[in-house]
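Below is one structure, written out as structure tokens; comments come after it.
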Amino acid sequence: MSLVRLIYVSRMTEACDTAAIQDILKVSRRNNPARDITGMLCYDPKYFMQCLEGPNNAVNDLYRDIARDIRHTQVTLLDYQEIEERAFGQWSMAFLRGDDLDTGLLRKFGGRGKFDPFMLSPGQARELVIDIVNQKREQLKDQIESRDR
Ligand SMILES: Cc1cc2nc3c(=O)[nH]c(=O)nc-3n(C[C@H](O)[C@H](O)[C@H](O)COP(=O)(O)O)c2cc1C
């Protein structure tokens, strides 16, 4: 068993409305602690970006299920790597809206064009996720207890 972090992006489908997003979050926070999975889900009106951390077999199994979910499509793997420690160890699934990300961060990863998560290289995806947790730690604090729920 090794500890891994997987980052992907996807495009929402019409089957995904606000209630569906709430449901995804509820189910994630219910299921993930038992599988020793932590991470972050970021959503924007058009896409999801998710980071899953945990034992490789648990992450692989969950990713397989998520990729089949009809609430999104074009599920695209950005990065998958072995890690020494988790970035989101305190969160069963931290949740952020695209609007919460500051424009400086998006400009950093958008180059001269518009920010497009599908264009991120593995290294950029990793860096973005770490930048997010570092910048948003305060804002995400009130979501910490959810890991023990
Ligand atoms: C963008 C997205 C992210 C998701 N993230 C998770 C997750 O972190 N954990 C989880 O258990 N299910 C997640 N799901 C839901 C799964 O696809 C699936 O519906 C769920 O795991 C089924 O759980 P159940 O068998 O307990 O009903 C996600 C779905 C989507 C569309």
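Checking Lys46, Lys26 one by one, the residue that is over 23 Å from Gln124 (Cβ atoms) and not small (Gly, Ala, Ser) is Lys26 and no other. From the list Ala20, Ala34, the lone residue that is small (Gly, Ala, Ser) and either loosely packed, with under 15 Cβ neighbours inside 10 Å or within 14 Å of the chain's Cα centre (by Cα) (or both) is Ala34. Checking Ala15, Ala19 one by one, the residue that is in a helix (DSSP H, G or I) and more than 8 Å from the ligand (Cβ to nearest atom) is Ala19 and no other.
For the stretch 45-72, filtering for residues that are within 18 Å of Asp23 (Cβ to Cβ) and surrounded by fewer than 17 Cβ atoms within 10 Å (Cβ to Cβ) leaves 6. Ala58 - would you say it is closer than 23 Å to Gln143 by Cβ and touching a Phe, Trp or Tyr at 6+ places or on another chain (Cβ under 7 Å)? So Ala58 does not fit the description; no.
Pairs meeting the criteria (first residue in the stretch 19-45 and farther than 27 Å from Leu106 by Cα and free of Cβ contacts under 8 Å to residues at least 40 places away in the same chain, second residue aliphatic (A, V, I, L, M) and more than 8 Å from the ligand (Cβ to nearest atom), beta carbons under 9 Å, at least 6 apart or on different chains) are Arg35/Ala58; Arg35/Val59; Asp36/Ala58.
Among the residues of the stretch 43-101, those that are more than 10 Å from the ligand (Cβ to nearest atom) and of a type in the set (Phe, Trp, Tyr) comprise Tyr80, Phe88, Trp91, Phe95.
FYI, it's all coordinate maths here, none of it is from the lab. Note that the structure is a prediction, hence the values are computed from the model and not measured. Methodologically, a virtual Cβ is constructed for each residue, glycine included, from the backbone with ideal geometry; neighbour enumeration extends over all protein chains shown.
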